[in-house]
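J.: First, the structure itself, so that you have it in front of you.
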Amino acid sequence: MSDNGWPADRIDTEHAHSARIYDYILGGKDYYPADREAGDAMAREWPALPVHMRANRDWMNRAVRWLAEEAGIRQFLDIGTGIPTSPNLHEIAQSVAPDSRVVYVDNDPIVLTLSQGLLSSTPEGRTTYIEADFQHPEAVLGSEEFSRTLDLTKPVALTVIAIVHFVLDEDDAVGIVRRLLEPLPAGSHLAMTIGTAEFAPEEVGRVAREYAARDMPMRLRTIEEAHEFFEGLELAEPGIVQVHKWHPDGTGEQGIRDEDIAMYGAVARKP
Ligand SMILES: C[S@@+](CC[C@H](N)C(=O)[O-])C[C@H]1O[C@@H](n2cnc3c(N)ncnc32)[C@H](O)[C@@H]1O
């Protein structure tokens, strides 16, 4: 993967990275040998890892469609977007409403490099990409791309999908999500998936150790801790459940066992 034109000075190719491990496990092509080695080691510890990651991505697909179709949302702020993976969030939203607007945010230089794949908006809609760290919400909220793309007199869906398990307690993920929600008007929504070890504690614990050994310590949460993100919001049915149980549409959930899934998912409305 040395001749792919990526700016090697900014991308650490020697060490595995969460975005690229996810891409590898999902069957993508934007990873390095270190990511493949990490993904293989993790899948050895927990063979359900690909099922779990695919179920998270499928949840994103269903949740965005639900937000567009059922909640009428036309604007999205997506934090921790990841490497472009078809279908991307804007493709789902714009297939329901072509005028949908999406702001993508990630802090991994490889996502920036591949962000062209996130910018294929319909002519009626708009997408933009901001390279920023979740831990500095002001960098997102204060950016020109943010204010140019989203109209804060209308509802926005804040999507924070498969990222807060990389945010440790001292960095206060709950507080950061509140700060991102703060300027969004009533009727806005929060859609999140939140890593948990409650259904396969030993196996998921071993995977977390593999991440930690590669400098990506994890913070997995209980259902009570997951609820903290949604305090003061109105949870949509069925509340906070494992991702495969949230509005299943019969396309990918058959045969999934609870112990295969280490991710809660939920959508809630800001009153
Ligand atoms: C597992 S991927 C999830 C991608 C996508 N949201 C999904 O669920 O399909 C996690 C993403 O979060 C990004 N990420 C991790 N920590 C971050 C941070 N502090 N700020 C911004 N992005 C972050 C990673 O670069 C990666 O792209």
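The values are calculated or read from the model by the stated rules, or taken from the named source; none is laboratory data. What you see is a predicted model; the values in this text were computed from it and never measured. FYI the Cβ positions are ideal-geometry reconstructions off the backbone, even for glycines, and counts take in every protein chain you see. Heads up: the accessible areas ignore ligands, DNA and RNA and are worked out on the full protein's heavy atoms, side chains in. Shrake-Rupley method; radii C 1.70, N 1.55, O 1.52, S 1.80 Å.
J.: Give me the number: length gained by fully extending residue 198 to residue 119, i.e. 0.36 nm times residue separation minus the C-alpha to C-alpha distance, one decimal in nm.
T.: Between residue 198 and residue 119, full extension yields 24.7 nm more.
J.: Jot down the radius of gyration and Dmax of segment 195-271, Cα atoms only, both in angstrom.
T.: 14.1, 41
J.: Same structure, new question: Report the net charge of residues surrounding residue 212, where surrounding means a beta-carbon distance below 12 angstrom and charges are Lys +1, Arg +1, Asp -1, Glu -1.
T.: Spelling it out: positives minus negatives among the neighbours equals +2.
J.: Cα-Cα pairs above 15 Å in segment 62-128: how many percent?
T.: 46
J.: Can you give the local net charge around residue 15? Use residues other than it whose beta-carbon is closer than 14 angstrom to its beta-carbon, Lys and Arg +1, Asp and Glu -1.
T.: Value of the local net charge: -3.
J.: For residue 227 paired with residue 178, estimate the spin-label separation in nm (one decimal), with each label point 7 Å from Cα along the Cα-to-Cβ line.
T.: 1.7
J.: Let me ask something else about it. Considering only protein heavy atoms and a probe of 1.4 Å, how much of the accessible area of segment 90-169 is carbon and sulfur, as a whole percent?
T.: 50
J.: What percent antiparallel are the DSSP beta bridges of the chain, to the nearest 5?
T.: Expressed as a percentage, antiparallel bridges in the chain total about 35.
J.: Sticking with this one: Show me the helices of the chain, taken as full DSSP H stretches, that run 15 Å or more along their long axis by Cα and average -1.0 or above in Kyte-Doolittle hydropathy.
T.: Helix filter hits for the chain: 49-69, 201-213.
J.: On average, how much accessible surface per residue is there in segment 8-269, in Å², for a 1.4 Å probe, leaving out ligands, DNA and RNA?
T.: That works out to 42 Å² for each residue.
J.: Taking square-rooted eigenvalues a ≥ b ≥ c of the alpha carbon gyration tensor, is segment 139-220 rounded, prolate or oblate, where a/c under 1.5 means rounded and, failing that, a/b exceeding b/c means prolate?
T.: prolate
J.: Please give the peptides 117-130, 56-69 ranked by average Cβ packing (other Cβ atoms within 10 Å per residue), highest first, as a rough proxy for protection.
T.: Averaged packing, sorted descending, gives the order 56-69, 117-130.
J.: How much length, in nm to one decimal, is gained on full extension between residue 36 and residue 70, taken as 0.36 nm per residue of separation minus their Cα-Cα distance?
T.: Gain on extension, residue 36 to residue 70, equals 8.4 nm.
J.: Also: Give, as a single signed number, the net charge of other residues whose beta carbon lies under 9 Å from the beta carbon of residue 155, with Lys and Arg counted +1 and Asp and Glu -1.
T.: Here the charged neighbours net out to +4.
J.: Report, largest value first, the span of the C-alpha coordinates of the chain along each principal axis, in whole Å.
T.: Principal extents (Cα only, largest first): 47, 43, 38 Å.
J.: Something else now. Determine the distance separating the Cα centre of segment 89-152 from the Cα centre of segment 213-268; give it in Å without decimals.
T.: Going from one Cα centre to the other spans 24 Å.
J.: List the relative contact order of the chain as a percent without decimals, with contacts defined as Cα pairs under 8 Å and 6+ residues apart.
T.: 19
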